[in-house]
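Inspection log for the structure reproduced underneath, given as structure tokens.
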């Protein structure tokens, strides 16, 4: 059995939504100091809907695939639905990740949340703070 699914390999070799949005409405950047993966998500939002999303990821194939899949899952969705995206949903959409790579899907979830929080903060929009747990940047992310 292969270590990575065909979907992981496809999103690694042909990542979707790579790049930056210069006038992004929300930007989220997260990283895991231990593994060295860094993800940056850019959101363009109109009427509370994500009309465009781009990412830049420095990291392993699983991190790139997780970023790519996560952007595909939230594009065109209302912010409320994007906030419901879990790392498990990202991993499932990729037909699974090896256990030691699940932290990559966690980073994708956290980068999206960070970008949405940035949008809310920039626009003075009230939000439930419990939806945005604070993480120490040097903290190890556990699956």
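Among 112, 50, 64, which is the only one that is in contact with a helix residue (DSSP H, G or I) (Cβ under 8 Å, 6 or more places away or on another chain) and more than 20 Å from residue 31 (Cβ to Cβ)?
After applying the criteria, what remains is 50.
Name the single residue that is farthest from residue 83 (Cα to Cα) among those in region 15-59 being in contact (Cβ under 8 Å) with a residue 40 or more places away in the chain and exposed (fewer than 15 other Cβ atoms within 10 Å of the Cβ).
34
Anything in region 5-32 that is assigned to a loop (DSSP other than H, G, I, E, B) and more than 20 Å from residue 115 (Cβ to Cβ)? List them, or say none.
Within region 5-32, 5, 14 meet the criteria.
Answer yes or no: is there a residue in region 124-143 that is more than 16 Å from residue 11 (Cα to Cα), in contact with a strand residue (DSSP E or B) (Cβ under 6 Å, 6 or more places away or on another chain) and either modelled with pLDDT under 95 or crowded, with 21+ Cβ neighbours inside 10 Å (or both).
Within region 124-143 (the criterion being more than 16 Å from residue 11 (Cα to Cα), in contact with a strand residue (DSSP E or B) (Cβ under 6 Å, 6 or more places away or on another chain) and either modelled with pLDDT under 95 or crowded, with 21+ Cβ neighbours inside 10 Å (or both)), the answer is no, since none of the residues qualifies.
Taking region 33-51, which residues are more than 19 Å from residue 125 (Cβ to Cβ) and in contact with a strand residue (DSSP E or B) (Cβ under 9 Å, 6 or more places away or on another chain)?
Hits for region 33-51 are 36, 37, 38, 39, 40.
The values are calculated or read from the model by the stated rules, or taken from the named source; none is laboratory data. Predicted model, so just to flag it, every value in this text is computed and none were measured. Methodologically, a virtual Cβ is constructed for each residue, glycine included, from the backbone with ideal geometry; neighbour enumeration extends over all protein chains shown.
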